[in-house]
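Notes follow the structure.
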Amino acid sequence: MKTAVIILPTYNESKNIETLIEQIFLQQKKLKLWSLSVLVVDSSSPDGTAQIVKKIKNSQPKLHLLETKKEGLGKAYIQGFTHSLSHLSAEVVFEMDADLSHDPDKIPEFLGEIDKGADFVIGARYIPGGSIPKDWAFHRKLFSVFGNLIVRVGMMKLSVTDWTSGFRAIKKWVVSEITPELHNYSGYVFQVALLDKALKKKAKIVEIPIHFSDRKYGVSKINSVQYIVQTLIYVFTKSSFIRYVIVGLVGAVLDFGISYVLIEKVNLYLWLATLISAETAIISNFLFNNFWSFSHKKLETKFSLYVSKFAKFNIISVGSLAIQAGGIEFFGYLFGRKYWYFYKIFILAFIVIPYSYILYNKIIWKEK
């Protein structure tokens, strides 16, 4: 049988841990292909959580305990992943909260998706059949829903609805390849980083609906302000889309600056000034996007490939050049030359940016 290890990070969960362990092992009766083990990673709980686990271990041989320092959720999971792969022969590892907010009855469904070919299964609260507690305060619902939306849009992976879920099943190969890249993430932003890196490794992601329940005993460990700040920093520093927008803004400043000089100072034709400034911005965008925005899928360092891709890049950009040059000349004819910058802003924001983003990603920086 294949082994699935449910990792339970704990800190002061003495009132929950025994019930949870019992409910997890009850799932074994429903499984024919999988053997369940539980690894409790206790971060020096002063309430005796580890002592309770040690007592249960006497009658439950597939229960394991790893006692660690209190260093945050991410560190606890990294230690749990490492121990599960090196000592417990895990083919799949689970992330699961130890406060009874995640229903152990869903474990067979997670493993069913793994058997169907999924590499990374997420217990999702925001898909049909999933839910968050109805009695949550408005600000908590807003934080949960809006926080996930920011990550979804920022990372431009709208197909994944629940980036911050703590109930997951992950195949061995994903954990093995990603764990070395996660040591800098100790807090709850670890969940976002783990999923982001799994997506970049081309892991097949599947979501199943879960009902998230509030804990009955103990106190939540999440620091909301710290979590929000860490998550926003991660999105703004790791998101290809955010980088693309920044590169676009740099290109726009370059475009406008050159246009201003050529139109206002040199008195060049509007269409010609626009062609020169736009082409300069296109070259800048190509280089910065390749080496920064899409660095995880940047072009191979073959000169012939660069020439080919840059040629395609410019062919695609001919459309944006034509749109800009034709549009600005048209509006200049209708409403006057002096408002050229308004025309340019409108054309760039509502036509050129969507056009270029879609085509560049589909043709130049395709997924490898």
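Where a number appears in this text, it was derived from the coordinates with a stated rule and is not lab data. Because the structure is predicted, anything quoted here is derived from the model rather than measured. Using ideal geometry, Cβ is built from the backbone for each residue, glycine included, and neighbour counts are taken over all protein chains shown.
Structure data summary
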quantity: HN-Hα J in Hz across the stretch 47-57 - Karplus 6.51, -1.76, 1.60, θ = phi - 60°, x for Gly and Pro; calculated: 8, x, 4, 5, 5, 5, 5, 4, 5, 5, 4
quantity: Under 18 Å from Lys141, Cα to Cα: lysines that are on another chain or at least 8 residues apart; calculated: Lys221
quantity: Distant-in-sequence amide H partners of Ser35 (H built 1.01 Å from N, under 5 Å); calculated: Lys2, Thr3, Ala4
quantity: Estimated dipole of the chain in Debye, rounded to 20 [Cβ of Lys and Arg +1, of Asp and Glu -1, Cα centre]; calculated: 500
quantity: In nm, spacing of pseudo-spin labels at Leu26 and Ile246 (7 Å Cα→C-beta vector); calculated: 5.0
quantity: Length-normalised contact order for the stretch 269-368 - Cα pairs under 8 Å, 6+ apart - percent; calculated: 36
quantity: Cα-based Kirkwood hydrodynamic radius, the stretch 115-246, one decimal, Å; calculated: 15.7
quantity: Calculated diffusion of the stretch 13-132, Stokes-Einstein form, Kirkwood radius summed over Cα pairs, 10 °C and 1.306 mPa s, µm²/s; calculated: 103
quantity: The stretch 2-238 - percent relative contact order, Cα under 8 Å, separation 6 or more; calculated: 25
quantity: Selection from Val145, Val93, Tyr11 lying farthest towards where the dipole of the chain points positive, charges on Cβ; calculated: Val93
quantity: Spatial separation of Cα centroids for the stretch 2-71 and the stretch 174-195, in angstrom; calculated: 22
quantity: The chain: angle of helix 17-26 to the longest principal axis, Cα-based, in degrees nearest 10; calculated: 90
quantity: When the stretch 2-238 is reduced to its Cα atoms, the Kirkwood hydrodynamic radius in Å; calculated: 17.9
quantity: Beta bridge orientation in the chain: antiparallel %, DSSP, nearest 5; calculated: 25
quantity: Inter-probe distance in nm under a simple model that places probes 7 Å from Cα toward Cβ, at Asp47 and Ser86; calculated: 3.0
quantity: Cα-centre dipole for the stretch 240-364 with unit charges at Cβ (Lys and Arg positive, Asp and Glu negative), debye to 20; calculated: 280
quantity: Amide H partners (placed H, <5 Å) of Glu207, local residues excluded; calculated: Ile122
quantity: In order through the stretch 88-95: 3J(HN,Hα) via Karplus (6.51 cos²θ - 1.76 cosθ + 1.60), integer Hz, x for Gly, Pro; calculated: 10, 6, 5, 8, 9, 10, 9, 9
quantity: Amide H within-cut-off set for Ser14, under 5 Å, with H built and near neighbours excluded; calculated: Thr49
quantity: Phi-based couplings in Hz for the stretch 199-204 (Karplus 6.51, -1.76, 1.60; Gly and Pro marked x); calculated: 4, 5, 8, 6, 5, 7
quantity: Ranked list, fewest to most other Cβ atoms within 10 Å of each Cβ, for Ile242, Ile7, Ile24; calculated: Ile242, Ile24, Ile7
quantity: The stretch 240-364: projected area of the alpha-carbon convex hull, averaged over directions, in nm²; calculated: 7.3
